[in-house]
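Worksheet for the structure shown next.
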Amino acid sequence: MLIEKIKTKHLIPAEYNPRKDLKPGDPEYEKLKRSLEEFGYVEPVIWNKTTGRVIGGHQRLKILLSMGMDEIECVVVEMDEQKEKALNIALNKISGDWDKDKLALLITDLNASDFDVSLTGFDPGELEDLFKDSLKDNIKEDDFDVDSELKKPAVSHLGDVVCQH
């Protein structure tokens, strides 16, 4: 993989890029901007030396420009226009699915360490759905009737020791 520092004035956004053009104030734009501010520029823009066009990282580039960057590290490739377009689509489409249980555990771990989990890019609604889906798979019906159990008399008595010391 070839990585070079390229002047941003030489990075031409691909006019055919099928991703929606995010604007400041859009939730996804703000998430990406916050991520760049917190973690830095860790995923380089992909630039085709043959055409001068950006293949991947259009939104990152837009935010970096708004932050005043005039030169950034890019992954440099050389390919014809058809292959460039196919790579643009692949970069935007091909991704793995989440193992929701592992993801929920990982986010729980981050949250327990007082890390701001909003920096992961998940908004509160997505996190709620994730935990609901993750927990749903682990719940097994056992016909336990909470109401009837609450009506029964207590088994412990005043002065009982109910835990080990």
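Structure values in brief
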read-out: Within region 59-85, tally of residues that are without any contact (Cβ under 8 Å) to a residue 12 or more places away in the chain and either touching a Lys or Arg at 6+ places or on another chain (Cβ under 8 Å) or surrounded by 13 or more Cβ atoms within 10 Å (Cβ to Cβ) (or both); value: 1
read-out: Residue match in region 130-149 (condition: within 27 Å of the chain's Cα centre (by Cα), within 22 Å of Ser35 (Cα to Cα), modelled with pLDDT under 90 and part of a helix (DSSP H, G or I)); value: yes
read-out: Condition check for Glu15: free of Cβ contacts under 8 Å to residues at least 24 places away in the same chain, of a type in the set (Asp, Glu) and not in a helix (DSSP H, G or I); value: yes
read-out: Index of the failed condition, Asp99 passing every other in (1) touching a residue at least 12 places away in the same chain (Cβ under 8 Å); (2) over 15 Å from Pro13 (Cβ atoms); value: (1)
read-out: Region 110-123, subset farther than 18 Å from Glu30 by Cα and loosely packed, with under 11 Cβ neighbours inside 10 Å, residue modelled with the lowest pLDDT; value: Asp114
read-out: Boolean, Asp26 is under 30 Å from Asp133 (Cα atoms) and without any contact (Cβ under 8 Å) to a residue 12 or more places away in the chain; value: yes
read-out: Residue in region 91-103 that is exposed (fewer than 12 other Cβ atoms within 10 Å of the Cβ), among the small types (Gly, Ala, Ser) and assigned to a helix (DSSP H, G or I) present; value: no
read-out: Condition check for Ile3: exposed (fewer than 12 other Cβ atoms within 10 Å of the Cβ), among the aliphatic types (A, V, I, L, M) and under 30 Å from Lys132 (Cα atoms); value: no
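The values are calculated or read from the model by the stated rules, or taken from the named source; none is laboratory data. Note that the structure is a prediction, hence the values are computed from the model and not measured. Cβ: placed from backbone, ideal geometry, glycine included. Neighbour counts: every protein chain shown.
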